[in-house]
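Inspection log for the structure reproduced underneath, given as structure tokens.
Readers should treat all values here as calculations from the given coordinates under stated rules, not as data from a laboratory. No experiment lies behind these values; they were computed from the predicted model shown. Glycine also receives a Cβ, built like all others from the backbone with ideal geometry; neighbour counts cover every protein chain displayed.
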Amino acid sequence: MDFSAYRFAAGKGRQGGTGAVGNSKVLRWSSYLRNRTESIHSRKDTMKRSLGDILLADTEIVEEESDVELSDAEPVEEAVDSSFCAECQDQPAVVECQNCDENFCDVCGKFLHRTGKRKAHEFRPLKAEETANGHSLVAEPKKATEASASKETQLEDDEDDVNLPGVHSVGSSSTFGDWLTSRAKHIPLRLTHEERKYLRLLEAALSVSEYTDKVDILAMYSSRAKRVVAQLKDMCATLAGLVVASDMKAGQELFQDKDYEENSEFFQTIFELGRRYKIQNPDKMRNTYGKMMYMVQDSMNPEVEETLGFNLYKPIETVHSFLADRDALDLLKEDIIVHATREVVPEGKKRTQIQTEIKQKERAIEILSKKHASPKISREDIRQCLYALGDNHAYLRANRDPCDKMRALLQQYFSPEKPDSEFHLSIQAGRGGARLSHSHQKQYYYVNQSLSLWSSIMHEMYMLWSLSDSDLLSSRTRYRLTDTGQGLNRVQACPGLSRAMHSILSKAQQKAGTWIGSSVIHLGDHNVPNALLFIDKYLQVPRILNPITIAVEELERIARDPFIHGYIEESFGGVETLKKTILSDFFKHGFDGSGADNFFDAGSCIDGRLTSAWNWCNTISKKPYYRILLMAGFAGFDGDGF
């Protein structure tokens with residue numbers, strides 16, 4: 001629209017040059033601006049933009065989007081089969097709501113009529129059968145008091161907001177709730193902003209400490225217990241100084257006219273923060289976590305504890321324990337917790353779909369925090385719990401999914417029954433560094449079972465880490481400082497962790513049918529001295545598999561460049577051939593029993609499989625396809641380059 005014409009006409013009207021014509025155009029322009037302003041204010045009042053909308057939405061989408069419309073396109077009315085649920089449209093209808101005049105499945109009928117006025121709607125069963133839980137869907141008379149009814153009515157509108165397109169109750173919600181309740185016992189609670197301040201102080205103190213250099217040595221000039229007490233006091237003094245330096249007032253309240261024993265709760269809490277943070281972020285504290293765990297372990301020694309006056313141990317705060325202390329475990333049984341804890345994965349989705357999922361998650365979190373808030377637990381505490389449960393799903397995708405992707409590549413490019421003469425998987429002891437002799441079929445199943453076992457271990461890593469923490473800091477089992485061939489290490493039994501690993505292995509063997517290789521699990525010996533090194537060893541699984549799967553997936557993209565495509569064609573015979581070359585080399589020599597210090601420790605034991613993969617990673621720079629991996633974005637197996 002050309003606004004200059006209006007300005008010109010308005011000017012002439014004020015000067016009396018065109019009289020009625022100028023005044024007419026001025027009136028039309030004023031009317032247009034007034035209507036436009038009212039329209040803009042009206043849209044602003046109705047729009048509720050979230051952080052996800054601001055970050056992800058295009059300008060055009062944000063301008064046209066409202067809180068009611070979640071996509072650019074208008075919904076298309078389609079004929080719905082009355083035999084299916086009117087809400088989800090993919091489950092058979094079992095009841096008819098006589099007030100809504102619609103048919104619903106078991107789950108949707110309960111979910112949409114569980115609160116407010118719709119709770120009194122009458123249902124007519126379409127089939128003479130009970131629901132899955134044995135109760136009829138016909139609504140029962142209200143027995144709640146007026147106060148509870150008022151509360152339900154107040155929450156009704158908020159809960160209706162979560163019924164956005166694509167948000168339905170999950171049929172196995174009770175099963176999911178039981179699974180989540182069990183898993184929440186091992187999921188650490190997210191750190192708050194205030195707790196992260198103390199975490200930074202702990203990391204700073206640990207980074208300058210020389211604890212293990214002065215304690216884990218074979219010294220004859222002093223008692224080990226005295227050295228431990230002296231180093232722990234130095235650590236506490238360093239922490240106290242950092243607290244005072246960062247916050248003078250808080251430092252005075254904590255340490256003025258007080259000794260270490262009187263502040264034992266503070267030191268226990270700050271070390272618990274470090275242990276909890278490490279479980280949530282395995283890639284953090286890689287140089288200080290072991291030092292911290294050995295400090296807590298030594299403080300549990302009765303002789304040290306008696307001299308020091310306290311120990312540094314405090315149970316890790318989990319989502320389950322946090323909610324149980326505040327009588328809020330019912331939160332884990334809510335249907336919409338599925339949406340409040342889901343991870344929004346952008347791959348293969350349109351922008352509008354991503355926005356919709358973000359909006360659903362934010363709305364579900366707000367509804368649950370509002371519904372379960374009480375004098376014992378605040379809304380922010382509930383949000384922290386939901387975010388921690390969501391971290392669990394993100395952890396599984398980052399650590400377990402690489403195992404599943406690698407298994408999919410194995411099944412896609414190789415067949416156990418029809419070996420390729422050029423890309424077979426057979427290995428023979430003594431050739432190419434291999435210490436096992438397997439035919440193509442046997443090696444295929446050996447690799448497949450190993451990846452399946454790793455996937456199961458990654459799935460239960462939170463539980464294994466919790467058991468590892470308990471075994472390492474147990475007062476019932478003592479460690480002994482022993483030269484294992486790789487320096488002095490603390491060798492300690494791991495009864496809880498061992499039982500859990502044998503249980504996981506047993507399930508993997510039952511699933512596989514015929515197990516190939518040894519079933520020995522090394523724990524508490526010279527191969528895996530203690531639970532800390534066990535956790536550290538299996539944390540390498542995603543660091544090994546992720547770079548390989550990403551590089552293989554990126555080959556198609558980089559091959560679009562004509563020069564790279566020509567290089568691949570000339571050197572390897574094509575992209576598909578290059579993929580098979582990389583994968584066959586990994587599946588053969590990453591699982592060939594190599595990597596141990598001697599022939600007695602090498603082989604097909606549970607830990608030896610990972611040792612072989614470790615050894616293969618160490619020789620990656622000598623591979624003929626190494627340059628292509630670098631072009632595909634490969635930066636090393638440790639995340640820090642070379």
| said: Using the crude model of +1 on Lys and Arg Cβ and -1 on Asp and Glu Cβ, and no other charge, please compute the dipole size for segment 407-557 relative to its Cα centre, in debye to 20. | reply: 480 debye
| remark: The FRET efficiency for Ser374 and Ala429, from their Cβ-Cβ distance with R0 = 60 Å and rounded to 0.05, is 0.40
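How far, in nm, would the chain grow between Ser83 and Glu569 when pulled straight, counting 0.36 nm per residue and subtracting the alpha carbon separation? Each step should come with its number before you reach the end.
Values: separation 486, 0.36 × 486 = 174.96 nm, distance 5.60 nm.
Taking 0.36 nm per residue and subtracting the Cα distance, the gain is 169.4 nm.
Between Rg and the Kirkwood Rh of segment 490-642, both from Cα atoms, what is the Rg to Rh ratio?
Values: Rg = 18.4 Å, Rh = 17.5 Å.
Value, to two decimals: 1.05.
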| query | At a Förster radius of 51 Å, what calculated FRET efficiency corresponds to the Cβ-Cβ distance of Asp525 and Asp101, to the nearest 0.05? | reply | 0.15
| query | Counting only residues 5 or more places away or on other chains, whose amide H sits under 5 Å from the amide H of Thr484 once H atoms are built in the peptide plane? | reply | Asn489
| said: Give me the one-decimal nm value for the distance between modelled label points at Arg560 and Glu576, 7 Å along each residue's Cα-to-Cβ direction. | reply: 2.1 nm
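Figure the gain on full extension for Asp234 and Ala408 (residue separation times 0.36 nm, minus the Cα-Cα span) and round it to one decimal in nm.
On the way: separation 174, 0.36 × 174 = 62.64 nm, distance 5.19 nm.
Taking 0.36 nm per residue and subtracting the Cα distance, the gain is 57.5 nm.
Sort the following peptides by mean Cβ neighbour count (other Cβ atoms within 10 Å, averaged over residues), highest first: 561-569, 315-323. Write out the running numbers ahead of the final one.
Working: 561-569: 13.2, 315-323: 19.6.
Order by mean packing, descending: 315-323, 561-569.
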| field | Nonlocal Lys pairs with alpha-carbon distance under 22 Å, segment 193-308 (8 or more apart, or different chains) | value | 13
| note | The number of Lys pairs in segment 335-448 whose alpha carbons lie under 25 Å apart, excluding pairs fewer than 8 residues apart on one chain, is 14
| field | Length released on extending from Leu254 to Arg627, taking residue separation times 0.36 nm less the Cα-Cα span | value | 128.6 nm
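So, counting K/R as plus one and D/E as minus one, what does the shell of residues with Cβ under 13 Å around Arg397 add up to?
Within the 13 Å Cβ shell, the charges total -2.
What FRET efficiency do you get for Tyr221 and Glu265 if R0 is 56 Å and r is their Cβ-Cβ distance, rounded to the nearest 0.05?
On the way: r = 35 Å, r/R0 = 0.62.
Plugging the Cβ-Cβ distance into 1/(1 + (r/R0)^6) gives 0.95.
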